[in-house]
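Values quoted throughout were computed directly from the atomic coordinates according to the rules given, and no laboratory measurement underlies them. Keep in mind the model is a prediction, meaning the values are calculated, not measured. All Cβ positions, glycine included, derive from the backbone under ideal geometry; neighbour counts span all protein chains shown.
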Amino acid sequence: VISGSTRAGSTNSAFAASAVAWPPDGVDVVAYDGLRRLPHFDPDADGDRVPAEVARLRAALEHADAVVFCTPEYAGTLPGALKNLLEWTVGATVLTGKPVAWVKVAADARRGDGAHENLATVLGYVQARIVDAACAHVPIGRDHIGDDGSVDDPALRAAIADAVSAVLA
Ligand SMILES: Cc1cc2nc3c(=O)[nH]c(=O)nc-3n(C[C@H](O)[C@H](O)[C@H](O)COP(=O)(O)O)c2cc1C
């Protein structure tokens, strides 16, 4: 699970933390935690020896059976940090053929469409396998987040596990 937010107390990161804490049965969920550490994408640094965090990201993506993105919209599109992460995946083809989906956590499902449209463009470009049926709306409010950064509502926890199950199914 990749959250596109670097904000402490992020609702998108709460989705990721909750997916880790309450995974579907038999599923090992990993939340990528290196978004802040990734250097800016640089074609000259993209070769046999990449920065350590980039290597970590690529290994995690290669290892994953599926990837769920959960991102806010910034200025009508993806946060730059998430676009940057995606640029590091292009040359390595680690998302090619990978089942992927995204989950919206904004209370209003119409919010954030610009981010998800752009995510679809980039994921299409890298030839990820977008599982439309698994793209879900799981509204998470700031008041749903407990002290540990995950959601404290049992119904929401179940909806989060269902969203992860859907992309694997
Ligand atoms: C720089 C910036 C730009 C934003 N641009 C948009 C936008 O274009 N559309 C929108 O619906 N919300 C926008 N927002 C609001 C965030 O998407 C919203 O607060 C979201 O819940 C943040 O997610 P988080 O809780 O994971 O940090 C913006 C927020 C910031 C900080």
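Packing, taken as the mean count of other beta carbons within 10 Å per residue, orders the peptides 13-22, 64-73 from highest to lowest as 13-22, 64-73. To the nearest ten degrees, helix 11-21 and the longest principal axis of the Cα atoms of the chain are 80 degrees apart. Between D153 and T77, the simple label model (points 7 Å from Cα in the Cβ direction) yields a spacing of 3.2 nm. Annotation: amide H-H contacts under 5 Å for W102 (H modelled 1.01 Å from N, sequence separation of 5 or more, or interchain): F69, C135, A136. Could you compute the net charge surrounding A158? Neighbours are other residues with a C-beta less than 15 Å from the C-beta of A158; K and R count +1, D and E count -1. Once positives and negatives cancel, what remains is -3.
Springs between Cα atoms under 10 Å define the GNM used for the chain, and in it the highest mean-square fluctuation of A106, A75, A55 occurs at A75. Which FRET efficiency value, to the nearest 0.05, is calculated for D162 and D48 with the Förster distance at 35 angstrom and r the Cβ-Cβ distance? Once rounded, the FRET efficiency stands at 0.30. Near the amide H of A128, within less than 5 Å, lie the amide hydrogens of G97, all on another chain or at least 5 residues away, with H placed in the peptide plane. Principal semi-axes of the equivalent ellipsoid, √(5λ) from the alpha carbon gyration tensor of the range 22-169, are 26, 17, 16 Å from largest down.
Counted residue by residue at 0.36 nm each, then reduced by the alpha carbon distance between them, the extension gain from Q127 to V30 reaches 32.7 nm. Residue by residue, the range 112-118 carries 3J(HN,Hα) couplings of x, 4, x, 5, 6, 5, 6 Hz when phi is fed to the Karplus relation 6.51 cos²θ - 1.76 cosθ + 1.60 (θ = phi - 60°); x denotes Gly or Pro. Applying the Karplus relation 6.51 cos²θ - 1.76 cosθ + 1.60 with θ = phi - 60° to the range 151-162 yields 3J(HN,Hα) values of 7, 9, 9, x, 5, 5, 4, 5, 5, 5, 4, 4 Hz, where x marks Gly and Pro. In the chain, the DSSP-assigned H stretches of four residues or longer account for a calculated mean residue ellipticity at 222 nm of -11500 deg cm²/dmol, using -39500 (n - 2.57) per stretch and the full residue count as denominator. For the chain, the relative contact order works out to 29 percent when only alpha carbon pairs closer than 8 Å and six or more residues apart are counted.
For H137 and E62, a Förster radius of 30 Å and the Cβ-Cβ distance give a FRET efficiency of 0.55, rounded to the nearest 0.05. A simple charge model with +1 on the Cβ of Lys and Arg, -1 on the Cβ of Asp and Glu and nothing else charged puts the dipole of the range 1-107 at about 280 debye relative to its Cα centre. For helix 52-63, report the angle its Cα long axis makes with the longest principal axis of the Cα atoms of the chain; keep it between 0 and 90° and round to the nearest 10°. The angle comes out at about 60 degrees. Please determine, in degrees from 0 to 90 and to the nearest 10, the orientation of helix 80-90 with respect to the longest principal axis defined by the Cα atoms of the chain, where the helix direction is its Cα long axis. It works out to around 50 degrees.
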